[in-house]
Each structure stands twice: as C-alpha cells, then as structure tokens.
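Notes follow once the structure below has been shown.
The values are calculated or read from the model by the stated rules, or taken from the named source; none is laboratory data. Computed from a predicted structure; not experimentally measured. Virtual Cβ from ideal backbone geometry, glycine too; neighbours counted across all protein chains shown. Each accessible area value is taken on the protein alone, full model and side chains, heavy atoms only, with ligands, DNA and RNA left out. Shrake-Rupley method; radii C 1.70, N 1.55, O 1.52, S 1.80 Å.
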Amino acid sequence: MIPEAAAADVRGRQIAWAIVMTPFVVVATAAVRIFGDLGTDRLAVPIAVGISMMGVGAGLVVAISAKAPYPVPEMMKTFSFNTRGSFNGSSFGLIILAIGIFAATTAPGVLLGALLPNPVNYFAIPVAVAIGALGAWIGGRVAITRMQREPDRILFAVTTT
C-alpha cells in the first residue's frame, strides 16, 4: 500500500513468520531428542532440517502469496474460511511445488547429518543455514519483484468479493 515499501514489507513478513514458527521448530527438535533413542550424536539432522525449513519456508510464504494472491477470509463472520472460490488447481499446484522444494532443500542437511561420522556431521548445520538464507532471499526477491511490478493486481485479487 505504501509506494516503494515492498522490500520492507516482504522482509518484515518473513521476519514475523520466522518469529511465529521458531517455537514450533524448537519444540519439534526437542521432542525428537527427548523421545528419540539416538543420543546427541545425531542431533545435527533435526537442527539442520529445522533451520533449512525455516529459511526456505520464509521465502515460500511470501513468494506464493505474491504469485497467487486470493481474498482473505471475512473478518465479520465467525470461523469464516471462505476464500470465495479462488483456491483452484493452480493454487494446489503451488502447494505441491512447495512440498517438493522443501524436500529438495532439506535433503543436503539430512544426508550430511545422517551419513557423516559424529564430529563431522555437524557441518550439516552451516549448510542448512546457507540453504535457508538463500531460500529466504530468493523467495523474498520473487515477492518484491512481483509487488513492484503488479501492485494493483495483487490488491485487486485480495479485496475482490
């Protein structure tokens, strides 16, 4: 809505998404360690997966919302999850693509963490940080470019009834 603020808006949304999702990743990683029977020698795998999914997820959230915008649920209706018919086959296709991207971007961290010997397997974490940062940057760049090129189209898509 503010001219020339697309970059700040996208990066702010990515930071907010990461803040909201971090407790879930920490709890999931702790649960794997508490209830798993592998000891601390395989702690690199859940940490690497969590970190790479946080970064790539932050990129995918903004990229998909800019590429395929649809109306938000109506505030005045209780428990309204109606997207007014705009969730279609292409939206579902983007979800399937996102799942594939998650699988591809978490694979290096999983393989490094699981296959390397104990002290070396923690190199999976810096690799996951690099993949996550790259995923967040690329997704943010896609969203910023789309918002700068077609701001009226995105606004029309999310506000039309």
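Miscellaneous remarks
- Residue check for ARG149: modelled with pLDDT of 85 or more, open to solvent by 80 Å² or more (accessible area, probe 1.4 Å) and under 14 Å from LEU60 (Cβ atoms): no
- Checking ASP9 against (1) of a type in the set (Asp, Glu); (2) open to solvent by 60 Å² or more (accessible area, probe 1.4 Å); (3) at pLDDT 85 or above, the condition it does not meet: (2)
- Subset tally (residues that are free of Cβ contacts under 8 Å to residues at least 24 places away in the same chain and open to solvent by 70 Å² or more (accessible area, probe 1.4 Å)) for segment 106-119: 4
- Within segment 23-48, the residues that satisfy the criterion of being at pLDDT 90 or above and either open to solvent by 60 Å² or more (accessible area, probe 1.4 Å) or among the charged types (D, E, K, R) (or both) are PRO23, PHE24, VAL26, VAL27.
- Filter result for the condition that a residue is modelled with pLDDT of 85 or more, open to solvent by less than 40 Å² (accessible area, probe 1.4 Å) and hydrophobic (A, V, I, L, M, F, W, C), over ALA103, ALA68, ALA157, ALA124: ALA124
- Conditions (1) assigned to a helix (DSSP H, G or I); (2) at pLDDT below 75; (3) farther than 26 Å from ARG141 by Cα: number failed by PRO73: (1)
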